[in-house]
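Computed from the coordinates by the stated procedures, all read-outs in this text should not be read as laboratory data. Computed from a prediction, not measured in an experiment: that's the story for all the values here. Neighbour counts are summed over all protein chains in view; Cβ atoms, including those assigned to glycine, are modelled from backbone coordinates with ideal geometry.
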Amino acid sequence: MAQSNNVTPLFNDLAKIQRDHNIACQDCSLYRLCLPLGLHSDDLAQLDQIIKRSQSYKRRQSLFTVDNKFTSLYVVRSGSFKTMISASNGRDQVTGFYFPGEFIGLDAIHQQTYQSNAKALESS
């Protein structure tokens, strides 16, 4: 997917490297901040097999919308996202910001639907 020009070249290059080289969790610079930290190496290998990679999002592109069926948890590898809900006055109310190493969509597990809208704040 095309990258917008709102990201410094470092992030553009990093995203391309991740896509082109299929970086594993233990090779990620955020590894020590992320969920896999406590996993045994065998479990980590299984996790690496099920992780979908190479998903990039342009600025303002939607990751998921409220009431969509829960399909995936997301981990931010680069860039940033925000989640929001529609307030009673019709305006968006921001409910969270997500940066590299953070999960998006955890609140959807129980209800099996996403409880907010999530959008990229920059190429991510």
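Under the classification rounded if a/c is under 1.5, otherwise prolate if a/b is larger than b/c and oblate if not, where does segment 68-124 fall, given a ≥ b ≥ c as square roots of the Cα gyration tensor eigenvalues? It is oblate, given that a/c is not under 1.5 and a/b is not larger than b/c. Placing +1 on each Lys and Arg Cβ and -1 on each Asp and Glu Cβ, with no other charges, gives segment 58-123 a dipole about its Cα centre of roughly 260 debye.
Measuring between their Cα centroids, segment 64-79 and segment 89-124 lie 7 Å from each other.
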